[in-house]
Amino acid sequence: RLSNVVMMGMGEPLANYRNVMDAIKRMNSDLGIGARKITVSTVGVVPNIRKLMEEDIQVRLAVSLHCSNEEERTALLPANQRYGGLDELMSTIREYIDTTKRRVTFEWALIENQNDTPEVARELGHLLERFGIRKDMAHVNLIPLNPTGGFEGSPSGRMRVKEFVSVLDREFGITGTPRVRRGIDIEAGCGQLKATVKKKEEKEAEKVLQKKMEQSISAVEDLKSFIDQPAHSPSAGPPIIGVYEDEEDDDVEDAEIGDMQLSIEDMFSERIRQSNELQQGSIVNFEFHDAVNLDDDDDEFEDESYENDLDKQEAQRLINLVNSSFASEPSAKTHTTSISVEEKETVLVGPTTTIIDEESIRKSKKRRKKLLKLLKATNRLKELQTNGKVMNEEQLEKISRENEYKDELESVEHNLQ
């Protein structure tokens, strides 16, 4: 029977906070797994660690630390600087322990000659002491690095692991547990699966490139063999290459095209002459094409293509005329008609990343404000529905999109952190 669950190796759990918490609550209620048997691992998403300490569920917290100084941790884990650095993380961990009264586990992937020396163990011990983290409320899990493609580091040997644990225990009274590496055969270690998939994609790209090169070489060889063929004798006449249509058919087609051009010119010449007499401020009668329906929400509508240059010139001239008419204030005799086309709200989906440029921040804040309004309106509709009010199709659709709004709002808020 499944008894313990660790939310790890699936992307950063606290970057997907709402869904992770929903899953934990279902495991606890539906599967009967105790909350203290469930561990959430994080690289150090400080804002959501603070959220977690306010949750009314006693899950365990594990922090992927791996380095005990600012410079090295930022080099190994770029997210370190993103959430305020090592000092901000350790202060939050101290606050988490004081609030929840629960022990925190520090994950430490041992990389040979990089973070597995006795000096590094002492640096880790001093770090915990500096932030006042009690010895009995901290535990260090030591896991030799899983081999990962694209990363040159190698796992620490057994003696290195033993010495690291000994320094923590003997000099600082901090318990450390060497863990057995698991999941190597199924690419389960952090970064393993991504590295394997990337390597496979690179091999596929190499195959495609090789095939294109072979096709190019074959084409060059065919061209060379054609050029090297002996020339025809003068009596045989020039070689005939390709397929030719009858000249009579070409003459008929050219005549039809010429007649078509003349008829088009006749059709538009009078209209162009009349429109050239228009001046700025003149009232223009517009005629909507039967194929265009402004009330139609069909996203597959495509603009009509221009059949000839006269058609394109006429369209451009009318556009310029309308633009120049709206440049100045319309006269009292001019009547304007407002056509409102309501567009559907589109939900932005995609990978979440922190934004830093001012323009993107401004747009994200504006979008967040809009999403909050939509969620507020959705909640109001749900209350009315609960009270027996009959909803129309548009209102039901807004209610059905509540989760989409929440997901997007969570993504926007994460990017603004």
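Could you please let me know if Gln114 is open to solvent by 10 Å² or more (accessible area, probe 1.4 Å), in a helix (DSSP H, G or I) and farther than 30 Å from Gly32 by Cα? Reasoning before the result, please.
On the way: open to solvent by 10 Å² or more (accessible area, probe 1.4 Å): yes; in a helix (DSSP H, G or I): no; farther than 30 Å from Gly32 by Cα: yes.
Criteria not met by Gln114.
Taking Arg122 and the conditions (1) in contact with a Gly (Cβ under 6 Å, 6 or more places away or on another chain); (2) over 22 Å from Ile49 (Cβ atoms); (3) not polar (S, T, N, Q), which numbered condition does it fall short on, given that it satisfies the others?
That leaves (1) as the condition not met.
From the list Arg1, Arg73, exactly one residue is crowded, with 17+ Cβ neighbours inside 10 Å, modelled with pLDDT under 95 and of a type in the set (Lys, Arg). Which is it? It would help to see each step written out before you state the result.
Details: Arg1 fails: crowded, with 17+ Cβ neighbours inside 10 Å.
Arg73 is the lone residue from the list that is crowded, with 17+ Cβ neighbours inside 10 Å, modelled with pLDDT under 95 and of a type in the set (Lys, Arg).
The values are calculated or read from the model by the stated rules, or taken from the named source; none is laboratory data. Computed from a prediction, not measured in an experiment: that's the story for all the values here. Counting neighbours? That spans all protein chains shown, and the Cβs are built from the backbone with ideal geometry, glycine included. Remember, those area values only see protein heavy atoms, side chains included, never the ligands or the DNA or RNA. Shrake-Rupley method; radii C 1.70, N 1.55, O 1.52, S 1.80 Å.
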